[in-house]
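First the structure, in the form of structure tokens, and then the observations on it.
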Amino acid sequence: MSIPGPVGELPLWEAVMNTAAYTCQCTGQCGRSHTKTGKRCDREHGALAAVHGGRILLLAAPADPAAMTQPVHRLVTLSASALAAWCPACHDGARSRAAKQQRATTPPPPDTDALFAL
Ligand SMILES: [Zn+2]
Ligand SMILES: [Zn+2]
């Protein structure tokens, strides 16, 4: 198997994938229960995607979905141990759920930001 991962992230990406055995590590954070596959998503890197006919490319993203909403420059400071393997569908689901939760629990930012933006 020699399916390349995302360009430019290889060493960290590879470390995460090795730990995850090149399998999505979602256990329901995306909002799907994955009951058919032992409550864990079983999508493997390089497997054929059922819908598009393309191949599934796993992402290395924060294991904690709440951290996925951080800006990219914060994300790149995370170490492999804080990351997990996600298939694109689970990553999107988990991130949007986390973003929704944060909007529900954090007060809106103060208006001063808007002044500086003008
Ligand atoms: Zn998945
Ligand atoms: Zn999932």
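The values are calculated or read from the model by the stated rules, or taken from the named source; none is laboratory data. Because the structure is predicted, anything quoted here is derived from the model rather than measured. Here the Cβ is made from the backbone with ideal geometry for all residues, glycine too, and neighbour counts use every protein chain on show. Ligands, DNA and RNA are stripped out before the accessible areas are found, and what is left, the full protein with its side chains, is counted by its heavy atoms. Shrake-Rupley method; radii C 1.70, N 1.55, O 1.52, S 1.80 Å.
Here the contact order of the stretch 14-71, divided by its residue count and restricted to Cα pairs under 8 Å and six or more residues apart, works out to 26 percent. Compactness ratio for the stretch 11-105: Cα radius of gyration over 2.2 N^0.38 Å (N = residue count) comes to 1.06. Near the amide H of ALA84, within less than 5 Å, lie the amide hydrogens of ALA61, ALA63, all on another chain or at least 5 residues away, with H placed in the peptide plane.
Using a probe of 1.4 Å, the accessible surface attributed to LEU75 totals some 40 Å² when neighbouring protein chains are kept in position. Here's the picture: charge each Lys and Arg Cβ at +1 and each Asp and Glu Cβ at -1 in the stretch 11-105, and of CYS24, GLY38, HIS73 the one pushed furthest to the positive end of that dipole is GLY38.
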